[in-house]
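First, the structure itself, so that you have it in front of you.
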Amino acid sequence: YQRIDGLTTMGQIIQRHAPPSDDNDTAAYVAFVCRGLGIQPTDQVALAANHELLFNLVKFVCKEEEGTDPYPDDMIRSAILAA
């Protein structure tokens with residue numbers, strides 16, 4: 001979403017990922033992810049430059065989407081490095 005759509009904040013990214021038009025409670029989703037990451041929805045983020053932030057984002061998105069974190073940390077880290 002950053003590279004293709006030019007989104008710069010976590011609020012924008014989650015809004016694009018889980019829009020209300022898809023029956024998501026987007027505001028709650030943004031709040032959950034941002035609270036977990038310790039950032040504000042309007043904070044500028046650079047995910048490609050911060051692998052740890054991206055790693056944690058993936059974990060929180062998995063928790064929000066699946067109710068759990070089903071993927072091993074090393075799998076997530078390998079996927080980030082391969083992207």
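The values are calculated or read from the model by the stated rules, or taken from the named source; none is laboratory data. What you see is a predicted model, and the numbers here were worked out from it, not measured in a lab. The area values use the complete protein model at the heavy-atom level, side chains included, leaving out ligands, DNA and RNA. Shrake-Rupley method; radii C 1.70, N 1.55, O 1.52, S 1.80 Å.
Once the Cα gyration tensor of the chain is found, what semi-axes does its equivalent ellipsoid get, as square roots of 5 times the eigenvalues, in whole Å, sorted largest first?
19, 16, 12
Give me the percent of accessible area attributable to carbon and sulfur for the chain, probe 1.4 angstrom.
Numbers: 2730 of 5250 Å².
On the chain, the fraction of accessible area on carbon and sulfur atoms equals 52 percent.
Under the Karplus relation 6.51 cos²θ - 1.76 cosθ + 1.60, θ = phi - 60°, what is the ordered set of whole-Hz ³J(HN,Hα) values for segment 3-19, x standing for Gly and Pro?
In residue order, the calculated couplings are 5, 8, 9, x, 6, 10, 10, 5, x, 5, 5, 5, 4, 6, 5, 9, x Hz.
Relative contact order for the chain: what percent, with Cα pairs under 8 Å and sequence separation of 6 or more?
Values: 68 pairs, mean separation 20.3, N = 83.
Relative contact order comes out at 24 percent.
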